[in-house]
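Notes follow once the structure below has been shown.
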Amino acid sequence: MLLMRCPLLLLLLPLSSRPQKLPTRDEELFQMQIGDKAFFHDSSVIPDGAEISSYLFRDTPKRYFFVVEEDNTPLAVTVTPCDAPLEWKLSVQELPQEASGEGSGEPEPLEQQKQQITNEEGTELFSYKGNDVEYFVSSSSPSGLYQLDLLSTEKDTHFKVYATTTPESDQPYPELPYDPRIDVTSLGRTTVTLAWKPSPTASLLKQPIQYCIVINKEHNFKSLCAVEAKLSSDDAFMIAPKPGLDFSPFDFAHFGFPSDTNSGKERNFLKPSSKFGRQTSSKPRVDLHKVCIGNKNIFTVSDLKPDTQYYFDMFAVNTNTNTSTAYIGTFARTKEEAKQKTVELKDGKVTDVFIKRKGAKFLRFAPVSSHQKVIFSIHSCLDAVQVQVRRDGKLLLFQNVEGVRQFQLRGKPKAKYLIRLKGSKKGASMLKVLATTRPNKQSFPSLPEDTRVKVFDKLRTCSSVTVAWLGTQERNKFCIYKREVDDSYNEEQKKREQNQCLGPDMRKKSEKVLCKYFHSQNIQKAVTTETIRGLQPGKSYLLDVYVIGHGGHSVKYQSKLVKMRKFC
């Protein structure tokens, strides 16, 4: 049964499909069309406030129409790409005029309306290209015929669209807590325990929310839609374990791996056992697994492979609407086997290191040839870590490292270096470590001692801000990004959300301001400025500057929070 809560109507009209009926502004005919189930099915008519799922063939555009019948109507449109980037555009044009018919009130023929719609170009309101979940939100939209065009140029793909004229009251997607990160609370050789704060949609609004965890070895996912597109249709879900079982090995055949009798073979994720109502299949599984665990906010993943990096994503799912919201994903490397006490560093190669809260990790670097000096570059993604470096047992370095630091030590023939990294007391630590005897082969960009971004307050206006930052004598690429934040956003939130190791490839393309190359042979003059325009009066923005080295590794300067002037 369809509920029409507002005069917003969506119609899915593939450009290549046969003619479809469009609702006119005649209310009687409009209601008749909505009540016609055949019409609803054929033209994919959806009422205001419902999420639709659909499919795009590569290089074949698809188009939606929806009508906003009254001026000053709030409007929100959300497009969720699944397994491929999308190009989409939202535009508006005036509603087709009703035929006068000498006062008869008869609507125009439907085919004539369609001709008007498809032949006229509307005013573009918004466009986007990428694989992020992107939004168009307006507090006051004009009446008109809105057109949403979507295209996938990469491959055939799924996507989702949600539109509403009551965004303030709808809250279609589960709300994230103030700290949307997933914490790694315990780390073993074959287990990882995750914890997260509950969604306010469940704790405050008492709506039915369940949490789904996704584990894989490749990367984090931006949406549950992307996960489900990766999984095959017949094994996308599994039943949640019974209470108490998730802290011991799951009651199915080695989650992720076969039994020890097969240990010599390549190990891939397996399907749940028949005890969970599923039969194992002979077809290969993707190296990805999803499990929905109800409303618990702590969970232990078992039977993982030692010394292996895994990526963990958490999605809050409203079981009434089947809409979902992604927490900030994390990654962790399981502990090594007992016999492996240290991680071997390779010359010139960046190594990812995970350290649990108050834990420690040992790294070993043994250059294969004689060397005059050795350089250690350490990038602490979150909080400060303690670093010790010993050469053949002699202590050479003992320092706390926050952000990016580089240490140059004198070399010695056939020397071996042992690096001890001690994690923070506040929480788990993630680092990137590079050791090399070849200074010209570094992947990390050079950084100035001061990585702050300065805002010139006297040049701050209602719509623009001028910023400056220091560079070095090495020519590097710098990229500036901006993100609008709420007025309540503060330094504590900024610190809590920041992962210094996440590069600009994780940012929305709409947040990018510009990229430029810069350096100066005179280190005293290695400073550059840029003016960021097109900002909104009275709004707050978080500004980020990334420096990208020759090896492609990026480092983020300290984020800068700036509030635009309200009156100019």
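Out of Leu231, Leu224, one residue alone is over 21 Å from Arg507 (Cα atoms) and at pLDDT 50 or above. It is Leu231.
In this structure, does Lys335 turn out to be part of a loop (DSSP other than H, G, I, E, B) and either at pLDDT below 85 or on the phi < 0 side of the Ramachandran plot (or both)? Judged against the criteria, Lys335 is a match.
Inspect all residues belonging to segment 180-200 and state whether any of them is modelled with pLDDT under 90 and under 22 Å from the mean Cα position of the chain (by Cα). The answer is no, given that none of the residues of segment 180-200 is modelled with pLDDT under 90 and under 22 Å from the mean Cα position of the chain (by Cα). Could you please let me know if Arg483 is open to solvent by 70 Å² or more (accessible area, probe 1.4 Å) and within 29 Å of Val184 (Cα to Cα)? Taking the combined requirement at face value, the residue satisfies it. Within segment 373-420, being in contact (Cβ under 8 Å) with a residue 40 or more places away in the chain and of a type in the set (A, V, I, L, M) holds for Val374, Ile375, Ile378, Leu382, Ala384, Val385, Val404, Ala415, Leu418, Ile419. In segment 324-332, is there at least one residue being among the small types (Gly, Ala, Ser), part of a loop (DSSP other than H, G, I, E, B), modelled with pLDDT of 85 or more and not assigned by the TED database to the domain that holds Arg420? Checked segment 324-332: at least one residue is among the small types (Gly, Ala, Ser), part of a loop (DSSP other than H, G, I, E, B), modelled with pLDDT of 85 or more and not assigned by the TED database to the domain that holds Arg420. For segment 409-428, the criterion of being touching a Pro at 6+ places or on another chain (Cβ under 7 Å), β-branched (Val, Ile, Thr) and modelled with pLDDT of 85 or more is satisfied by no residue at all. Exactly one residue out of Leu231, Leu176 is within 26 Å of Thr319 (Cβ to Cβ), open to solvent by 30 Å² or more (accessible area, probe 1.4 Å) and out of contact with any Asp or Glu (no Cβ under 7 Å at 6 or more places or on another chain), and it is Leu176.
Identify all residues within segment 127-169 that are crowded, with 16+ Cβ neighbours inside 10 Å and β-branched (Val, Ile, Thr); write none if there are none. Selection gives Val133, Thr157, Val161, Thr164, Thr165, Thr166. Can you tell me which residue is most open to solvent (accessible area, probe 1.4 Å) among those in segment 295-313 that are within 24 Å of the chain's Cα centre (by Cα) and hydrophobic (A, V, I, L, M, F, W, C)? If we take residues in segment 295-313 being within 24 Å of the chain's Cα centre (by Cα) and hydrophobic (A, V, I, L, M, F, W, C), then Ile298 is most open to solvent (accessible area, probe 1.4 Å).
Looking only at residues of segment 556-568 that are open to solvent by less than 40 Å² (accessible area, probe 1.4 Å) and part of a loop (DSSP other than H, G, I, E, B), we find that the one that is modelled with the highest pLDDT is Met564. All conditions but one from (1) of a type in the set (A, V, I, L, M); (2) closer than 18 Å to Glu449 by Cα; (3) loosely packed, with under 13 Cβ neighbours inside 10 Å apply to Ile378; the one that does not is (3).
The residue of segment 539-555 that is surrounded by the fewest Cβ atoms within 10 Å (Cβ to Cβ), among those that are of a type in the set (A, V, I, L, M) and farther than 18 Å from Tyr489 by Cβ, is Ile548.
Restricting Gly423, Gly427 to residues that are in contact (Cβ under 8 Å) with a residue 12 or more places away in the chain, crowded, with 22+ Cβ neighbours inside 10 Å and within 28 Å of the chain's Cα centre (by Cα) narrows the list to Gly423. Out of curiosity, is Ile419 among the aliphatic types (A, V, I, L, M) and touching a helix residue (DSSP H, G or I) at 6+ places or on another chain (Cβ under 8 Å)? No. Among all positions in segment 110-126, there is no residue which is open to solvent by less than 60 Å² (accessible area, probe 1.4 Å), at pLDDT below 90 and either within 30 Å of Met506 (Cβ to Cβ) or in contact with a helix residue (DSSP H, G or I) (Cβ under 9 Å, 6 or more places away or on another chain) (or both). Applying the criterion of being at negative phi and in a loop (DSSP other than H, G, I, E, B) to the residues of segment 57-82, the residue that is surrounded by the fewest Cβ atoms within 10 Å (Cβ to Cβ) is Asp71.
If you go through segment 385-404 and keep only what is open to solvent by 60 Å² or more (accessible area, probe 1.4 Å) and within 20 Å of Lys346 (Cβ to Cβ), you end up with Arg390, Asp392. Between Arg507, Arg483, the distinction of being touching a Lys or Arg at 6+ places or on another chain (Cβ under 9 Å) and within 30 Å of Gly348 (Cβ to Cβ) belongs to Arg507 only.
Figure legend. Inter-residue proximity from segment 356-372: first residues more than 13 Å from Leu434 (Cα to Cα) and touching a residue at least 12 places away in the same chain (Cβ under 8 Å), second residues hydroxyl-bearing (Ser, Thr, Tyr) and open to solvent by 60 Å² or more (accessible area, probe 1.4 Å), beta-carbon distance below 8 Å, spacing 6+ or different chains. Indicated pairs: Arg357/Thr185. Taken together, the criteria place Ile523 among residues that are in contact (Cβ under 8 Å) with a residue 12 or more places away in the chain and touching a Ser or Thr at 6+ places or on another chain (Cβ under 9 Å).
Restricting attention to segment 141-164, the residues that are of a type outside the set (A, V, I, L, M, F, W, C) and under 20 Å from Glu124 (Cβ atoms) total 9. The set of residues from segment 430-452 being in contact (Cβ under 8 Å) with a residue 60 or more places away in the chain and either at positive phi or surrounded by fewer than 18 Cβ atoms within 10 Å (Cβ to Cβ) (or both) comprises Arg438, Pro439, Lys441, Ser443, Pro448, Thr451, Arg452.
The values are calculated or read from the model by the stated rules, or taken from the named source; none is laboratory data. It should be emphasised that the depicted structure is a prediction, and the values quoted were computed from it without experimental measurement. All Cβ positions, even for glycine, are placed from backbone atoms using ideal geometry, and neighbour counts span all protein chains on display. For the accessible areas, the whole protein counts, side chains as well, though only heavy atoms, and no ligand, DNA or RNA atoms are used. Shrake-Rupley method; radii C 1.70, N 1.55, O 1.52, S 1.80 Å.
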